[in-house]
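Participant: So that we are looking at the same thing, I have put the structure below in structure tokens.
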Amino acid sequence: MTRSLLATSAAQVALFDVPLLLELLAEDRETMLEPSAFLRQEAVRREWDARTERSRVLGSAVVFAGNERVHSCIKVQDGGIDRRLWRSQVNVLLPFLEEERQNYIRKYERYLRIPFETDFGVIRDCSDLELSHLSYQAEHYFRNQAWLDLPRLQRLKESRHALAHLKTIPLQNVLGFLDC
């Protein structure tokens with residue numbers, strides 16, 4: 001998962017700039033996962049700022065997958081590259097979060113309360129419980145059995161929630177998942 005996330009993050013940030021991709025791949029994983037400072041330094045080296053002309057000739061923009069894409073060295077100065085990082089996180093971490101959800105359902109199946117009423121309806125099958133439901137039930141119904149897993153369930157829930165709302169997962173949470 002680490003290699004996949006690092007490769008996907010670097011590719012999403014570099015997009016069409018292969019030399020930048022190679023430079024980014026040579027950095028440590030924290031820089032690859034949160035490359036804003038690296039990109040700002042690279043922009044200074046290239047003498048680019050937020051006012052730099054968006055031009056294919058300069059390499060500051062290109063049509064990529066049918067859309068004009070501004071170089072990340074400019075984009076980071078124009079409000080950030082969060083959406084590019086989010087894309088990489090969704091591609092790699094969403095399947096991981098789903099697998100973790102399934103693991104916790106199996107692990108705590110005998111303690112889970114079904115039917116489980118939510119604001120959106122009644123859940124009648126354990127496999128339909130979301131991370132937020134699992135976290136809630138662990139906290140309220142079987143805390144003694146799940147106390148070691150509660151912090152991780154909370155991070156998983158927050159991470160899933162962030163991705164669902166087009167936000168990136170904080171670096172510390174990502175590193176925690178990669179280090180497990």
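The values are calculated or read from the model by the stated rules, or taken from the named source; none is laboratory data. Quick caveat: nothing in here was measured; it's all calculated off a predicted structure. Ideal geometry is used to build each Cβ from the backbone, glycine not excepted, and the neighbour counts take in all protein chains shown. Surface areas here come from the heavy atoms of the whole protein model, side chains and all, with no ligands, DNA or RNA. Shrake-Rupley method; radii C 1.70, N 1.55, O 1.52, S 1.80 Å.
Participant: Apply the Karplus curve 6.51 cos²θ - 1.76 cosθ + 1.60, θ = phi - 60°, to the phi angles in segment 54-61 and return the couplings in whole Hz, x for Gly and Pro.
Facilitator: These are the phi-based 3J(HN,Hα) values: 7, 8, 5, 5, 6, x, 8, 7 Hz.
Participant: Could I ask something else about it? For the chain, give the percent of accessible area contributed by carbon and sulfur heavy atoms, probe 1.4 Å, rounded to a whole number.
Facilitator: Carbon and sulfur together cover 48 percent of it.
Participant: Amide H neighbours of Arg69 under 5 Å, counting only residues 5+ apart in sequence or on other chains, H built in-plane at 1.01 Å?
Facilitator: Val62, Val63, Phe64
Participant: Of the listed values [x] 1.27; [y] 1.07; [z] 1.00, identify the label whose number matches Cα Rg over 2.2 N^0.38 Å calculated from this model.
Facilitator: Checked against the structure: label [x].
Participant: Can you compute the helix-only [θ] at 222 nm over the chain? Use -39500 (n - 2.57) per DSSP H run of at least 4 residues, normalise by all residues, nearest 500 deg cm²/dmol.
Facilitator: After summing the helix terms and dividing by residue count, I get -17500 deg cm²/dmol.
Participant: Residue-wise, which Karplus ³J(HN,Hα) couplings in Hz belong to segment 34-50, taking 6.51 cos²θ - 1.76 cosθ + 1.60, θ = phi - 60°, and x for glycine or proline?
Facilitator: 9, x, 4, 5, 4, 5, 5, 5, 5, 4, 4, 4, 7, 6, 10, 9, 4
Participant: Let me ask something additional. Using a 1.4 Å probe, what is the accessible area per residue for segment 81-179, in Å²?
Facilitator: Counting only protein heavy atoms, the per-residue value for segment 81-179 is 59 Å².
Participant: Can you give me the angle between helix 2-14 and the longest principal axis of the chain, using Cα atoms only, in degrees from 0 to 90, rounded to the nearest 10?
Facilitator: The angle comes out near 40 degrees.
Participant: Right, something else. Can you tell me what the convex hull of the Cα atoms of segment 1-79 projects to on average, as an area in nm²?
Facilitator: Mean shadow area of the hull around the Cα atoms is 5.2 nm².
Participant: Another question, if that's okay. Can you tell me the relative contact order of segment 51-161? Whole percent, Cα pairs under 8 Å, sequence separation 6 or more.
Facilitator: Numbers: 75 pairs, mean separation 16.4, N = 111.
That works out to 15 percent.
Participant: In addition: Taking the 0 to 90 degree range and rounding to the nearest ten, how far is the long axis of helix 150-164 tilted relative to the main principal axis of the chain, both from C-alpha atoms?
Facilitator: 50
Participant: Shifting gears a bit: Considering the options Ala164, Gln77, Leu150, tell which one lies farthest towards the positive end of the dipole of the chain, charges being +1 on Lys and Arg and -1 on Asp and Glu at the Cβ, about the Cα centre.
Facilitator: Ala164
Participant: With a ≥ b ≥ c taken as the square roots of the eigenvalues of the C-alpha gyration tensor of segment 68-157, please select rounded if a/c is under 1.5 and otherwise prolate if a/b is larger than b/c or oblate if it is not?
Facilitator: Numbers: a/c = 3.05, a/b = 2.51, b/c = 1.21.
Judged from the Cα gyration tensor, segment 68-157 comes out prolate (a/c at least 1.5, a/b above b/c).
Participant: Please report, in debye to the nearest 20, how large the charge dipole of the chain is about its Cα centre when each Lys and Arg carries +1 at its beta carbon and each Asp and Glu carries -1 there.
Facilitator: Here the size comes out at about 120 debye.
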